[in-house]
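Q: Mind having a look at this structure? Questions to follow.
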Amino acid sequence: MPVVSAFFGIIVRMYYREHGVAHFHAEYQGQQANFTIDGEILAGSIQSKTALRLVKEWASIHGAELQLN
């Protein structure tokens, strides 16, 4: 799966051909979760509150780009 971004140990990936609700994948210290373009968790979990906050902030900044992907 192509890496879209990496920051503070968080890796964000996105398939361009996945079906269903538009979403991206984030991984942090071996934990994985799927997020909506708005940054809400669809599946999985990331236990770090700081990492979750950073992913949500990242999604709010890059939402338009994610939507285009």
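What follows is calculated from the coordinates using simple rules that are stated; it is not laboratory data. Every value quoted in this text rests on a predicted model; they were computed, and no experiment measured them. Positions of Cβ are generated from backbone atoms using ideal geometry, with glycine treated the same way; all protein chains shown enter the neighbour counts.
Q: Can Q67 be described as closer than 15 Å to G9 by Cα and of a type outside the set (F, W, Y)?
A: Considered against the rule, which asks whether it is closer than 15 Å to G9 by Cα and of a type outside the set (F, W, Y), Q67 comes out as no.
Q: Test of understanding: among A51, A26, which residue is in contact with a helix residue (DSSP H, G or I) (Cβ under 6 Å, 6 or more places away or on another chain) and surrounded by 13 or more Cβ atoms within 10 Å (Cβ to Cβ)?
A: Values: A51 fails: in contact with a helix residue (DSSP H, G or I) (Cβ under 6 Å, 6 or more places away or on another chain).
Criteria check complete, one pass: A26.
Q: Continuing with this model, one more query. Just checking, how many residues over the stretch 26-50 are among the hydrophobic types (A, V, I, L, M, F, W, C) and within 16 Å of G9 (Cα to Cα)?
A: Within the stretch 26-50, residues that are among the hydrophobic types (A, V, I, L, M, F, W, C) and within 16 Å of G9 (Cα to Cα) number 3.
Q: Filter the stretch 6-23 for residues that are closer than 20 Å to Q47 by Cα and surrounded by 13 or more Cβ atoms within 10 Å (Cβ to Cβ) and give the result. So that I can check it myself, show each step before the final result.
A: Residues of the stretch 6-23 closer than 20 Å to Q47 by Cα: 6-13, 23.
Scanning the stretch 6-23 gives I10, I11, V12, R13, H23.
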